[in-house]
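In what follows, a structure is listed as structure tokens, so that the remarks can point back to it.
The values are calculated or read from the model by the stated rules, or taken from the named source; none is laboratory data. Because the structure is a prediction, the values reported are computed rather than measured. No Cβ is skipped: glycine too gets one built from the backbone with ideal geometry, and neighbour counts run over all protein chains shown.
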Amino acid sequence: MTTLTSRAVRIDAPGGSEQLKIDTVTVGEPGPGEVRIRHHAVGLNFIDVYQRSGLYPLPMPLALGMEGAGVIEAVGAGVTHLKVGDRAAYAANPPGSYSDVRVMPAMNVCHLPDGIDFETGAAMMLKGLTAQYLLKKCRPVEGLQAGDFVLFHAAAGGVGLIACQWAKALGLRLIGTAGSDEKCVLAQANGAEFTINYRSENFVERVKAITGGQGVKVVYDSVGKDTFDQSLECLQPFGLMVSFGNASGPVAPFSPGILGPKGSLYVTRQTLFTHITSRERTQAMADDLFAVVQSGAVKIHIVQRFALTEVKSAHDSLEARRTTGCTVLLP
């Protein structure tokens, strides 16, 4: 039996980035349905911050990190879609990707095509699969067709830049919001037809002006508290409000009764992990993502790179919204 040691970023209690520490842990052989993967790159996501802060409570001590890419070193019984030596990438529970090597369930680990490098694989899985389910599965009751307007908050972030490009490829007219003029330029360069700096402009008024007073069919919102109420004002009758994150804090409780007078609106709170509860669903979504990236229609922008030992600085940058595009940690 092989026993290895690995660095792993863990926390003993919820809190700020000062809670992050690098431990040395023992890694053994994979059991049934598991693989051991050695990471070449690891993705950084807002869900990591939510778990560290306690917004998403999890048992302590907690290993962090939800996505990574590397090479399969060992395969447990019953795993047939991967073999030793395969290049692989994943977005998956349980957390623990902030490490050199780990044993984990194989269900959400996908073979990484040769045309996609490890850093791209690590940066694209959670954010790319999120963009995939948002645009392909979170659709209004009246559907989405080419030419329809959608509003996407945080359009210059990791998910946002992927969604801007993918929406354009689908023929959607995406209106993107961001917190600076520079981020707006970046979103527009990646396919947003219109951009709004929500710090200097009233995005409700701008959306109404852009759409000729009609509003949008869907709002995709990972910002949360700061944008939720105004986002409802941007929707057409029967429009869909898709909440999928809380970068500014959790959305305050609201009465469903307000949705009727605003146009019989629909509201949903989504999470990727509901969409990847089987090997087949995960692979189908990943295949869609890999295809659109390999076609060149969607490019994965890795703007920030940190060594694994710099994880505190990486969290601080993400939490302060100083990042654009994707961020990776390099073991």
Screening Gln132, Gln188, Gln165 for residues that are outside the structural domain of Phe290 (by TED's automatic domain parsing) and over 16 Å from the mean Cα position of the chain (by Cα) leaves only Gln188
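One line per residue, one yes/no per condition, for (1) modelled with pLDDT of 95 or more; (2) closer than 19 Å to Ile22 by Cβ; (3) crowded, with 20+ Cβ neighbours inside 10 Å:
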residue: Glu67; (1), (2), (3): yes, yes, yes
residue: Ile72; (1), (2), (3): yes, no, yes
residue: Ala77; (1), (2), (3): yes, no, no
residue: Pro105; (1), (2), (3): yes, no, no
Can Glu29 be described as of a type in the set (D, E, K, R), more than 22 Å from the chain's Cα centre (by Cα) and in a loop (DSSP other than H, G, I, E, B)?
-> yes
Would you point out which residue out of Gly263, Gly245, Gly239 is within 16 Å of the chain's Cα centre (by Cα), outside the structural domain of His81 (by TED's automatic domain parsing) and surrounded by 15 or more Cβ atoms within 10 Å (Cβ to Cβ)?
-> Gly245
Looking only at region 140-160, decide whether some residue is surrounded by fewer than 20 Cβ atoms within 10 Å (Cβ to Cβ), touching a helix residue (DSSP H, G or I) at 6+ places or on another chain (Cβ under 8 Å) and either outside the structural domain of Ser264 (by TED's automatic domain parsing) or aromatic (Phe, Trp, Tyr) (or both).
-> no
Taking interchain pairs and intrachain pairs at least six residues apart, which have beta carbon atoms under 9 angstrom, with the first residue in region 40-63 and in contact (Cβ under 8 Å) with a residue 12 or more places away in the chain and assigned by TED's automatic domain parsing to the domain that holds Leu112 and the second β-branched (Val, Ile, Thr) and in a loop (DSSP other than H, G, I, E, B)?
-> Leu44/Thr323; Ile47/Thr271
Give Gly212, Gly224 a once-over and let me know the one that is over 23 Å from Ile302 (Cβ atoms), surrounded by fewer than 17 Cβ atoms within 10 Å (Cβ to Cβ) and either over 22 Å from the mean Cα position of the chain (by Cα) or touching a residue at least 12 places away in the same chain (Cβ under 8 Å) (or both).
-> Gly212
Working carefully through the options Gly121, Gly115, find the one that is over 23 Å from Val25 (Cα atoms), small (Gly, Ala, Ser), assigned by TED's automatic domain parsing to the domain that holds Val75 and surrounded by 24 or more Cβ atoms within 10 Å (Cβ to Cβ).
-> Gly121
Among the residues listed as Gly31, Gly15, the single one being exposed (fewer than 15 other Cβ atoms within 10 Å of the Cβ), within 30 Å of Arg322 (Cβ to Cβ) and assigned by TED's automatic domain parsing to the domain that holds Ala77 | Gly15
Inside region 139-236, counting only helices (runs of 4 or more DSSP H) that do not spill past its ends, which hold 2 or more residues that are at pLDDT 95 or above and under 28 Å from Pro256 (Cα atoms)?
-> 203-210, 228-233
Residue within region 126-136 that is outside any helix (DSSP H, G or I), of a type in the set (S, T, N, Q) and surrounded by 24 or more Cβ atoms within 10 Å (Cβ to Cβ) present = no
Just for helices (runs of 4 or more DSSP H) wholly inside region 259-331: which have at least 2 residues that are out of contact with any Phe, Trp or Tyr (no Cβ under 6 Å at 6 or more places or on another chain) and among the β-branched types (Val, Ile, Thr)?
-> 279-294
Any chance Gly68 is of a type outside the set (Asp, Glu), more than 18 Å from Val293 (Cβ to Cβ) and in the same structural domain as Arg38 (by TED's automatic domain parsing) | no
Those residues of region 13-42 which are touching a Pro at 6+ places or on another chain (Cβ under 8 Å) and over 16 Å from Pro94 (Cα atoms) amount to Pro14, His40, Ala41
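Here is a yes/no grid of residues against (1) of a type in the set (Phe, Trp, Tyr); (2) assigned to a loop (DSSP other than H, G, I, E, B); (3) farther than 21 Å from Thr24 by Cβ:
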{"site": "Leu55", "(1), (2), (3)": "no, yes, yes"}
{"site": "Ala88", "(1), (2), (3)": "no, no, yes"}
{"site": "Gly96", "(1), (2), (3)": "no, yes, no"}
{"site": "Met104", "(1), (2), (3)": "no, no, no"}
Given the conditions (1) surrounded by fewer than 20 Cβ atoms within 10 Å (Cβ to Cβ); (2) of a type in the set (Gly, Ala, Ser); (3) closer than 19 Å to Asp316 by Cα, and given that Gly43 satisfies all but one, which numbered condition is not satisfied?
-> (1)
